[in-house]
Amino acid sequence: MAVSSGPEFDAQMMDIALAMARRGLGTTAPNPSVGAVVVDEQSGEILGRGWTQPGGRPHGEPVALDVAGERARGGTLYVTLEPCSHFGQTPPCVSAILEAGIARVVCGITDPDPRVSGRGLEQLRDAGIDVVRSIRLDEGRWVTRGHVLRVSERRPFVQLKLALGRDGRIALGGAGQPQWVTSPEARAHGALLRAEADAILVGAGTLRDDNPDLTCRLPGLAHRSPLRVVLAGNAVLGPEYRLFQTADKVPVRVFYPGDMAAAQAKKDAPKGVDVRAGLTVGGRLWLPAILEVLAADGVTRLLVEGGSTIWHAFSEAGLVDEVVVYRAGDRSRDPIEATTSDVAHYMPNTNLEIFQARRIGDDHVISLRPR
Ligand code: AOF
Ligand code: ZN
């Protein structure tokens with residue numbers, strides 16, 4: 001048997017497709033970012049790779065097929081999400097696959113979009129293509145989670161970001177300046193999360209404490225700053241906040257609790273800021289309704305940057321999909337084990353476990369997911 005076939009080879013190729021998909025995170029909404037790889041299984045040669053392009057089109061498959069060109073004939077296509085079967089803004093990917101003469105399709109997860117939902121794979125099978133599904137299922141689900149949740153639960157994927165000091169507590173900013181507990185390298189890694197999000201959300205408390213920009217300022221990724229969302233408390237937020245000053249370049253939306261508060265805030269809202277009334281329950285903004293509005297506007301991945309009141313509220317509402325902790329450390333100590341209980345302090349209603357941990361210099365990046 002050639003080394004370039006079999007389940008292990010399929011999994012390896014799917015890993016490459018998943019890596020391609022990750023490149024598009026934060027750029028394709030409301031479409032999912034889909035990765036695709038065209039392979040000649042006889043030789044093991046990768047003939048083309050691609051992912052969903054900015055704005056969501058072209059889809060990942062035609063990009064990879066175009067690179068492979070005529071050589072795709074008889075080849076295998078690895079794709080993270082079921083190819084689409086509908087005529088949307090582009091012709092169906094199924095047609096592109098058939099035209100290219102692909103012989104075998106290995107796919108990650110099926111597409112819950114009602115316009116597709118199994119029909120993509122069915123049409124490929126009906127056309128005589130050998131179809132395998134559910135390869136690297138967990139990873140496929142994870143990379144496509146924003147799309148799946150938006151379609152099936154009308155809310156985005158919710159990722160919470162926390163920076164903890166050595167004592168396991170958040171460092172409160174104050175006087176309108178953030179207080180950095182981790183190294184610049186760890187903070188740059190945190191900025192990447194912004195680039196992979198479709199929107200970033202903070203509460204008014206974080207605005208007052210840290211006065212953040214909430215933009216992605218990494219070299220080469222400045223254009224990847226997503227929509228900035230603020231949940232205002234009871235105070236009207238004036239133009240002194242830094243993120244309002246760039247509202248003409250990177251959109252800002254502020255939700256006020258109820259119509260009256262929003263109407264009041266609208267009168268002297270800083271230029272370019274989108275003021276909205278959010279549904280309230282018990283006088284407080286109701287998170288499920290906010291997320292539904294964001295999802296309706298195409299947000300598939302939401303990064304929640306804080307602060308503690310907001311984290312608590314997401315936890316209480318059962319709306320936490322992942323927590324990413326940046327934790328200050330030193331080389332003599334490994335604080336990873338303590339992180340689960342430290343995070344529980346801010347999210348008492350979410351039962352989290354460590355999924356991944358790595359070092360960045362003296363600091364740690366730890367990702368936790370609900371059990
Ligand atoms: C694919 N490959 O790369 C993506 C897919 O509005 P349209 O026509 O672009 O279609 C959007 C839908 O297509 C989207 O809701 C999702 O179901 C699927 N996305 N499909 O075959 C891709 N991004
Ligand atoms: Zn498609």
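The values are calculated or read from the model by the stated rules, or taken from the named source; none is laboratory data. Given the structure is predicted, the values throughout are model-derived calculations rather than measurements. Here the Cβ is made from the backbone with ideal geometry for all residues, glycine too, and neighbour counts use every protein chain on show. The accessibility values were calculated without ligands, DNA or RNA, using every heavy atom of the protein model including side chains. Shrake-Rupley method; radii C 1.70, N 1.55, O 1.52, S 1.80 Å.
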With every protein chain in place, segment 1-158: carbon and sulfur % of accessible area (1.4 Å): 49 percent
In sequence order, what are the phi-derived ³J(HN,Hα) couplings for segment 278-285 according to the Karplus relation 6.51 cos²θ - 1.76 cosθ + 1.60 with θ = phi - 60°, rounded to whole Hz, with x for glycine and proline? x, 4, 10, 10, x, x, 10, 4
Could you size up the charge dipole of segment 136-269 around its Cα centre, putting +1 on the beta carbon of Lys and Arg and -1 on that of Asp and Glu, and report it in debye to the nearest 20? 260 debye
Cα coordinate range in segment 259-357, projected on the principal axes (Å, largest first): 54, 27, 26
Kindly write out, for segment 290-305 in residue order, the coupling ³J(HN,Hα) from the Karplus curve 6.51 cos²θ - 1.76 cosθ + 1.60 (θ = phi - 60°), rounded to whole Hz, with x marking Gly and Pro. 4, 5, 5, 5, 5, 5, 4, 8, x, 6, 10, 10, 10, 9, 9, 9
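Report the semi-axes of the equivalent ellipsoid for the chain in whole Å, largest first, where each axis is √(5λ) for an eigenvalue λ of the Cα gyration tensor.
Values: eigenvalues 314, 118, 62 Å².
Working through the eigenvalues yields semi-axes of 40, 24, 18 Å.
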How large is ³J(HN,Hα), in whole Hz, for each residue of segment 127-141 in order, when computed from phi with the Karplus curve 6.51 cos²θ - 1.76 cosθ + 1.60 and θ = phi - 60°, using x for Gly and Pro? 7, x, 7, 6, 10, 10, 10, 6, 7, 6, 4, 4, 5, x, 4
Under a point-charge model restricted to the Cβ atoms of Lys and Arg (+1) and Asp and Glu (-1), what is the dipole moment magnitude of segment 52-198 relative to its Cα centre, in debye to the nearest 20? 480 debye
When every alpha-carbon pair in segment 212-288 is counted, what percent end up more than 22 Å apart? 27 percent
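Given a 1.4 Å probe, how much area per residue of the chain is accessible, in Å²?
On the way: 16680 Å² over 371 residues.
With all protein chains present, the chain gives 45 Å² per residue.
Run the dipole for the chain about the Cα centre, Lys and Arg Cβ at +1, Asp and Glu Cβ at -1, nothing else charged, and hand back the magnitude in debye, nearest 20. Present the calculation step by step, with values, prior to reporting the outcome.
Numbers: 42 positive and 44 negative charges, 180 e Å.
For this selection, approximately 860 debye.
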Within a Cβ distance under 13 Å of Thr206, other residues only, what is the Lys/Arg minus Asp/Glu net charge? 0
Those trypsin sites (Lys or Arg not before Pro) from segment 196-269 that are DSSP loop and have at most 15 other Cβ neighbours within 10 Å turn out to be Arg217, Lys249
Heavy atoms only, probe 1.4 angstrom, no DNA, RNA or ligands counted: give me Arg150, Arg194, Arg71, Arg333 ranked by accessible area, highest first. Arg71, Arg333, Arg150, Arg194
Using amide H atoms built 1.01 Å from N in the peptide plane, name the residues 5+ places from Thr80, or on other chains, whose amide H lies under 5 Å from its own. Gly35, Gly108
Under 15 Å from Lys271, Cα to Cα: aspartates and glutamates that are on another chain or at least 8 residues apart: Glu240, Asp248
For the chain, build the charge dipole from Cβ charges (+1 Lys, Arg; -1 Asp, Glu) around the Cα centre, then report which of Val106, Gly26, Leu65 sits farthest towards its positive end. Gly26
